[in-house]
Structure formats: structure tokens, C-alpha cells
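Down below is the structure, laid out as C-alpha cells.
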Amino acid sequence: MDESALVEEVGHRLARAGLRWTAGRRAVVDIFESAQAPLSMQDLQDRARAARVPLSSLYRIVSDLIGANVLVKLEFEEGFARFELVEELAKHHHHLVCVECGTVEDFEGPGLPDLERAVDDAMRSIVRRHRFAVRNHRLDFFGTCAACAGA
């Protein structure tokens, strides 16, 4: 989604949630738009500090953006959370999660079309067999990143 379309859509989502498009919210959305992977709260704090977003407001801003369906909180089984733009505002992707250090990397690229076809086939089967209306899916791969594997 290009920047002007993102700004417009986020504005609509905030308005539906009864929220204004403030400088702090804009700065946080800009941080997530430029992120190459989901951000931990510490990563977000570091970037927010550089963007001059008051840390005293950051948790409220994140909560507001989650409530307005702009951000999603990703919780992984290893007990750590990351945040990113909801899929409708970003491109579809999956995650590579390191169980050693907790890094999370977005995964897209070669092989993904075949993977998506297989997932779509599985979703159609689920719909037929279980009469379950699938809205979307999330697929995370857990393992060891290159940095941890080399250590």
C-alpha cells in the first residue's frame, strides 16, 4: 500500500474508533511502515525516542492503534510479543521466529506462491469439512536464526 493510501486508511480506521490522527500516532505508524520485521516493545521504544514520541504516551498509542485495527500484537509461544501493521495495511507475509534469541523476520519470496496455494487448498478443505469460515491465516516458522546457529 502506498503511503498516501496508508495514511487515508489509517485515518478512516482511527475515525471509526473515535480517535484523532495525532502527531504521535502518525510517528508510530511511520515507524511500523518503515520496519522490515515485527517490532518488540523495546525496538519500538528505541525508534520512538529517535522520532521524539514521548515514551509516556507510547503504550497508550500502541493500545489505541491495536483497538483501531491498525496494529496487531503477535504473541509467540516462547513468551515474547512483537507488533506490526495489520495485514490489510501491509503485504501478506509469514514469520521466521528464532527460538534462541527471539528475533522475528518477515518471510516472503521464492516458494511462497506454492506455500500459499497449499494453504488455500487446506482452507477450502477446512471450510467443506468443518463448515468453518476462515477469514485469514498466520503461519510462523520456529527454528534457529543464522546468527544463533553459528554461535
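The values are calculated or read from the model by the stated rules, or taken from the named source; none is laboratory data. If you're wondering where the values come from, they're calculated on a predicted model, not measured in any experiment. Cβ atoms come from the backbone with ideal geometry, glycine included; neighbour counts cover every protein chain shown.
What to note about this one:
- For the range 109-123, a residue qualifies if it is surrounded by fewer than 11 Cβ atoms within 10 Å (Cβ to Cβ) and either at negative phi or part of a strand (DSSP E or B) (or both), and the qualifying residues are Pro110, Pro113, Asp114, Arg117, Ala118, Asp121.
- Filtered residues of the range 22-53 (kept if in a loop (DSSP other than H, G, I, E, B) and either over 18 Å from Glu75 (Cβ atoms) or without any contact (Cβ under 8 Å) to a residue 40 or more places away in the chain (or both)): Thr22, Gln36, Ala51, Arg52, Val53
- Restricting attention to the range 126-147, the residues being within 23 Å of Lys91 (Cβ to Cβ) and either surrounded by 10 or more Cβ atoms within 10 Å (Cβ to Cβ) or in contact with a helix residue (DSSP H, G or I) (Cβ under 6 Å, 6 or more places away or on another chain) (or both) number 9.
- Verdict on Ile66 being in a helix (DSSP H, G or I) and within 30 Å of Glu116 (Cα to Cα): yes
- Single residue of Arg25, Arg60 found to be among the basic types (Lys, Arg), in contact with a helix residue (DSSP H, G or I) (Cβ under 7 Å, 6 or more places away or on another chain) and either under 28 Å from Phe80 (Cα atoms) or surrounded by 12 or more Cβ atoms within 10 Å (Cβ to Cβ) (or both): Arg25
- Some residue of the range 88-97 being in a strand (DSSP E or B) and at pLDDT 95 or above: no
- Only residues that are over 14 Å from the mean Cα position of the chain (by Cα), not assigned by TED's automatic domain parsing to the domain that holds Ser34 and not aliphatic (A, V, I, L, M) were counted in the range 67-107, giving 4.
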